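Enquirer: Right, I'll just put the structure down here and ask away after.
The values are calculated or read from the model by the stated rules, or taken from the named source; none is laboratory data. Just so it is clear, the model here is predicted, and its values are computed rather than measured. All Cβ positions, even for glycine, are placed from backbone atoms using ideal geometry, and neighbour counts span all protein chains on display. All accessible areas refer to the heavy atoms of the entire protein, side chains included, with ligands and DNA or RNA removed. Shrake-Rupley method; radii C 1.70, N 1.55, O 1.52, S 1.80 Å.
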Amino acid sequence: MLLSLLATGQAQDQGVVVIRVTGHIDGGLVPYVRRVLREAEVQGAEAVVVHINTPGGRADAATQIRDVLLNTPVRTIAFVDKKALSAGALIALACQEIYMAGGSVMGAAAPVSINGLPMSEKTVSAIRKLFRATAEHHGRSPEVAEAMVDADVAVEGVVEAGKLLTLSTQEALKLEMANGRADSLASLLEQLGIPNRAVTQAT
């Protein structure tokens, strides 16, 4: 996936940059996300919207993207448009705010090998704590985040032991894992009070 920040005549003006995270997440996504965020910071962007629709991908790539998102001074907003599963859930949780379209899901992040086999307890523990720390960083429930990774984690009233957690839009809102619902990017921007003319797409 190639991401490039499109130049506009309003490069010096504050605005919003939209990054699309779709399809399989791999290592090629990392340097482009890093560059777009750096350019957004230099340009004084008001926010970066990470438009997510992914079944997941490489945990190492998602972890690097997570670190970049946590470290940027720019406001970060995840827009989950249908799926933020596995590695995609970590990227969403790394954003300061999360909005989800109706009918979307977030979670199902149990790590598996390239052959689809379960990973070692050591690996599961590391990913589980990574999700926990990311959720804690933005004031979200660390237990709910852990339950997305490890089926052994039970959360009273949410998920019992033995079942991996995936949240619907309404469940995420109820548990305060998401900040709001927006059924389209245009709807999200309207809720945030951002005019379309101030938006720069990263494609």
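Enquirer: Quick check on this structure: which one of THR200, THR169 is of a type in the set (S, T, N, Q), surrounded by 14 or more Cβ atoms within 10 Å (Cβ to Cβ) and in contact with a helix residue (DSSP H, G or I) (Cβ under 9 Å, 6 or more places away or on another chain)?
Expert: Only one candidate passes the filter, namely THR200.
Enquirer: Please tell me if ALA154 is without any contact (Cβ under 8 Å) to a residue 40 or more places away in the chain, surrounded by 14 or more Cβ atoms within 10 Å (Cβ to Cβ), of a type in the set (A, V, I, L, M, F, W, C) and touching a helix residue (DSSP H, G or I) at 6+ places or on another chain (Cβ under 9 Å).
Expert: So ALA154 fits the description; yes.
Enquirer: Can you confirm whether the stretch 182-197 contains a residue that is open to solvent by 60 Å² or more (accessible area, probe 1.4 Å), closer than 25 Å to ARG20 by Cα, β-branched (Val, Ile, Thr) and touching a residue at least 60 places away in the same chain (Cβ under 8 Å)?
Expert: Among the residues of the stretch 182-197, not one is open to solvent by 60 Å² or more (accessible area, probe 1.4 Å), closer than 25 Å to ARG20 by Cα, β-branched (Val, Ile, Thr) and touching a residue at least 60 places away in the same chain (Cβ under 8 Å), which makes the answer no.
Okay, residues lined up against (1) of a type outside the set (Lys, Arg); (2) within 15 Å of the chain's Cα centre (by Cα); (3) within 19 Å of ILE77 (Cβ to Cβ):
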site: ALA126; (1), (2), (3): yes, no, no
site: ARG132; (1), (2), (3): no, yes, no
site: HIS137; (1), (2), (3): yes, yes, yes
site: GLY157; (1), (2), (3): yes, no, no
site: SER168; (1), (2), (3): yes, yes, no
site: ALA178; (1), (2), (3): yes, yes, yes
site: LEU189; (1), (2), (3): yes, no, yes
site: GLN201; (1), (2), (3): yes, no, yes
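Enquirer: Please find, among THR63, THR54, THR76, the residue that is open to solvent by 30 Å² or more (accessible area, probe 1.4 Å), modelled with pLDDT of 95 or more and not in a loop (DSSP other than H, G, I, E, B).
Expert: The match here is THR63.
Enquirer: Further question on the same structure: Looking at (1) modelled with pLDDT under 95; (2) within 15 Å of the chain's Cα centre (by Cα), which one does SER120 not meet, given that it meets all the others?
Expert: Every condition holds for SER120 apart from (2).
Enquirer: A further question on this structure: Out of the residues in the stretch 1-38 meeting the condition of being farther than 13 Å from ALA87 by Cβ and in a strand (DSSP E or B), tell me which one is modelled with the lowest pLDDT.
Expert: LEU5
Results for (1) of a type in the set (A, V, I, L, M); (2) within 30 Å of LYS163 (Cα to Cα); (3) touching a Cys at 6+ places or on another chain (Cβ under 9 Å), shown as yes or no for each residue.
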{"position": "VAL48", "(1), (2), (3)": "yes, no, yes"}
{"position": "GLY56", "(1), (2), (3)": "no, yes, no"}
{"position": "GLN64", "(1), (2), (3)": "no, yes, no"}
{"position": "THR72", "(1), (2), (3)": "no, no, no"}
{"position": "SER86", "(1), (2), (3)": "no, yes, no"}
{"position": "LEU90", "(1), (2), (3)": "yes, yes, no"}
{"position": "CYS95", "(1), (2), (3)": "no, yes, no"}
{"position": "ALA101", "(1), (2), (3)": "yes, yes, no"}
{"position": "SER125", "(1), (2), (3)": "no, yes, no"}
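Enquirer: If a residue has to be out of contact with any helix residue (DSSP H, G or I) (no Cβ under 6 Å at 6 or more places or on another chain) and open to solvent by less than 10 Å² (accessible area, probe 1.4 Å) to count, how many in the stretch 81-94 make the cut?
Expert: Adding up the residues that qualify gives 3.
Enquirer: Quick check, is PRO111 open to solvent by 40 Å² or more (accessible area, probe 1.4 Å), at negative phi and not charged (D, E, K, R)? Please lay out each step first, then the result.
Expert: On the way: open to solvent by 40 Å² or more (accessible area, probe 1.4 Å): no; at negative phi: yes; not charged (D, E, K, R): yes.
So PRO111 fails the test.
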